[in-house]
Amino acid sequence: MNNYRTPLRDIDFTLFELFKYEQHCGAIGHASVDRELTGAFLGEAARFAEEVLAPLGPVGDQQGCKLIDGNVVTPSGFKQAYQQYCDAGWPTLSRSTAYGGQGLPQSLGVILSEIIGTPNWAWGMYAGLSQGAMHTIEIHGTEQQKQQYLPALISGRWTGTMCLTEAHAGSDLGLLRTRAEPQPDGSYLITGTKIFISSGDHDLAENIVHIVLARLPDAPAGTKGISLFVVPKIQLKDDGSLASVNGVSCSSLEDKMGIHGNATCVLQFEGAKGCLLGEVNKGLNHMFTFMNLARIGSGLQGLAHAEFGYQQARLYARERLQMRSLSGVKNTAGPADPIIVHPDIRRMLLTQKSLVEGIRMLSYYASIKMDVSQHSTDADERQQAVDLLGLLTPIVKAFSTEAGFESANLALQCLGGHGYIRDWGLEQNLRDCRIATLYEGTTGIQALDLLGRKVLGAGGKTLAPLIDEITQLCRSCDDTEQLAAHAAQLATLSEEWQQLSMHIARQAQQNPDEIGAAAVDYLMCSGYLVVAFLWLKAQQVALRQLAQPVADPGFYRAKLAAAEFYFARILPRTMGLIKAMESGADNLMSLASADF
């Protein structure tokens, strides 16, 4: 059942009312990106998502990808949709004008990823991974490499992938064995096996550009001996045109729980010709350019599945008649009341609404900081944005996917048995969503990055700019009766957050396992706090709008109600997380491994 509609009103609110996007774009040199232009762009993207991509969502799930004679064939309609996507110029949006792009802010590309991914995440991954490949070559490539690869990637004629994982290594990239043998002409022959390669092979584009981690023969052990390479599926002639097939092939497709429409490949590199990207033995550092963008993208996957599920659950709850309200009949013309009147259904719907809209605010907040980090002319402002984005990225990735999965699960629950069958698409939505907490480093990996590297590793200094923003917002709410209680609640939690960070740092000096024991709870607590900060800002905006005549007062009243619910029923989860962290590592580590 295809009832998906792009949430354009909420996107517009988040961009232009909450984050003052026109002023932001003007400050980073994009004054032409105003509300009218952005609205036209978003409207056209929404049409493509609703009319073209949404109907292909169940098709991709049911047909899946097929490996035929060594080549991957995508589900019916995927190739035609990709051609429409390219013809409309969508791949060029946020890429450099020097190589055929439109040069618009990266944040617009993030929003485009949400719009096209929500009704059909499996299809959207083909386009999303290409953006990461382009971004990595733009940052680390030589001018020759940029001229050779970027125009075709930006136009969409070629797509890109990231090739990290190996079966024996998993997230421990220091163990990877893929070899890169230098050649007299300056190229390298890449040999090894990579697994779990999303969009690793397909029939959408004429070439696929793989960004590959490998090790030179004389490289030091561990992560310090990894280099990064560009390896095309089809080799290039000197003039950039396609030559012969390279030594890279898909040996099998993973048999997966979800996202069946995206080809997750085992790739064999057998003396495949490639070129070094960036510096020797700096490959992991360079690959973080790709991975950090992909982590923001994975966070969007949590948002996408949460939004899709919420729309279906909301529609069903309004129409499904079952039982009478305990507080009195609400539907006098029918045999029962719609289930949306029952408190437990409202609990699930409001949880979804407050998380969906909160994750959207979080994702856009991070993407705007990304813009500032790339385009601000003020070096101090640019560095502060880099630091804050580093702090936010693991939160966006892990909190958004965990909360998104919770929301997708609640959506299915709202439909009862009807959610468990295929008709409404919620069982597929839940299956597709499950991978999001695993992609680009699991929740545990992201949590260690946040607590171990971004907070404790920086001596807590990275927290300061965000805490300053939170403090300023709370102070601005002191004189507003409707906001003062929430501001006090947030200010108290912010103080506890700082104290907790210092407490874990002290405990870790005695026992390093304290970091791992606290990490996931710390990340989730951080996510709830940052989203509360954004909900308070949203409340402030909604009250300001309701103080004057507006065309849609119900929209703003719903914002206030969702914020009230979040502060009353979602944010208190942090108290349990804090208690768990304060309990220390002993209750995790005292049991002998053999006794489990």
Whole-Å distance, taken between Cα centres, linking segment 416-447 and segment 146-168: 27
Which ³J(HN,Hα) values in Hz, rounded to whole numbers, follow from the phi angles of segment 240-248 under the Karplus curve 6.51 cos²θ - 1.76 cosθ + 1.60, where θ = phi - 60° and Gly and Pro get x? x, 6, 6, 10, 8, 5, 7, x, 10
With everything on Cα atoms, drop me the angle between helix 121-140 and the longest principal axis of the chain, reported from 0 to 90° to the nearest 10. 60
Highest-first arrangement of 515-527, 378-390, 90-102, where packing means the average Cβ count within 10 Å: 515-527, 90-102, 378-390
Dipole of the chain, positive direction: furthest Cα of TRP158, LEU577, LEU37, with charges on the beta-carbon: LEU577
Can you tally the net charge around LYS369? Count Lys and Arg as +1, Asp and Glu as -1, for every other residue whose Cβ sits under 13 Å from the Cβ of LYS369. -3
With charges set only on the Cβ (+1 for Lys and Arg, -1 for Asp and Glu), what does the dipole of segment 445-588 come to about its Cα centre, in debye to the nearest 20? 300
Taking 0.36 nm per intervening residue step and subtracting the Cα-Cα distance, what contour gain separates SER252 from ASP478 on full extension? 75.4 nm
Cα-Cα separations in segment 445-588 greater than 21 Å, expressed as whole percent: 47
Taking every DSSP beta bridge with both residues inside the chain, roughly what % is antiparallel (nearest 5)? 80
At THR332 and ARG318, where each label point lies 7 Å from the Cα along Cα→Cβ, what is the point-to-point distance in nanometres? 2.3
Farthest positive-ward along the chain dipole, Cα basis, beta-carbon charges - from ALA317, ALA487, GLY26: ALA317
Radius 14 Å from Cβ of LEU456, net charge of other residues (Lys, Arg +1; Asp, Glu -1): +1
Unsatisfied cross-links (Cα-Cα over 18 Å) in the set LYS194/LYS233; LYS79/LYS397; LYS194/LYS237: LYS79/LYS397; LYS194/LYS237
What's the local net charge at GLN540, with K and R +1, D and E -1, over the other residues with C-beta under 14 Å away? -1
FRET efficiency, 1/(1 + (r/R0)^6) with R0 35 Å, evaluated for ASP552 and THR492 via beta carbons: 0.55
With n ≥ 4 as the cut-off for DSSP H runs, can you work out [θ] at 222 nm for the chain, using -39500 (n - 2.57) per run divided by the number of residues, rounded to the nearest 500? -17500 deg cm²/dmol
What Kirkwood hydrodynamic radius, in Å, does the chain give when the mean of 1/r is taken over all pairs of distinct Cα atoms and then inverted? 25.2
Find how many whole Å separate the alpha carbon centroid of segment 470-488 from the alpha carbon centroid of segment 29-96. 42
Compute the separation of the alpha-carbon centres of segment 102-119 and segment 346-386 and state it in Å as a whole number. 14
About the Cα centre of the chain, how large is the charge dipole given +1 on each Lys and Arg Cβ and -1 on each Asp and Glu Cβ? Please answer in debye to the nearest 20. 740
Label-point gap, in nm, between VAL245 and ASP34 - each point 7 angstrom along Cα→Cβ: 5.3
Taking amide H positions as placed 1.01 Å from N in the peptide plane, with prolines and chain starts having none, which residues 5 or more places from LEU236, or on another chain, fall under 5 Å of its amide H? ALA243
Between their Cα atoms, which of LYS66/LYS353; LYS146/LYS224; LYS282/LYS454 are more than 30 Å away from each other? LYS66/LYS353
Please list, in chain and number order, the residues 5+ apart from MET162 or on another chain whose amide H is under 5 Å from its amide H, with Hs placed from the backbone. ILE211
Rg ratio (alpha-carbon, reference 2.2 N^0.38 Å) - segment 169-326: 1.40
What's the angle, to the nearest 10 degrees (0 to 90), between helix 481-510's Cα axis and the longest principal axis of the chain? 50
Phi-based couplings in Hz for segment 383-399 (Karplus 6.51, -1.76, 1.60; Gly and Pro marked x): 5, 4, 5, 4, 5, 5, 5, x, 5, 6, 4, x, 5, 4, 5, 7, 5
³J(HN,Hα) across segment 539-545 via Karplus (A = 6.51, B = -1.76, C = 1.60, θ = phi - 60°), whole Hz, x for Gly/Pro? 4, 4, 5, 4, 5, 4, 5
Between helix 283-319 and the chain: long-axis angle, C-alpha atoms, 0 to 90°, nearest 10: 40
Using amide H atoms built in the peptide plane, which far-off residues or other-chain residues are under 5 Å from LYS282 H to H? LEU228
Note down the nm distance, to one decimal, between modelled labels 7 Å out along Cα→Cβ at ALA88 and at GLU279. 4.2
Calculate the FRET efficiency for ALA221 and SER593 from the Cβ-Cβ distance with a Förster distance of 41 Å, rounded to the nearest 0.05. 0.95
Pairwise Cα inverse-distance average, inverted: Kirkwood Rh of segment 111-205 (Å): 15.3
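Readers should treat all values here as calculations from the given coordinates under stated rules, not as data from a laboratory. Being a predicted model, the structure only gives us computed values, none of them experimental. Cβ sites come from the backbone with ideal geometry, for glycine too, and all protein chains shown count toward neighbours.
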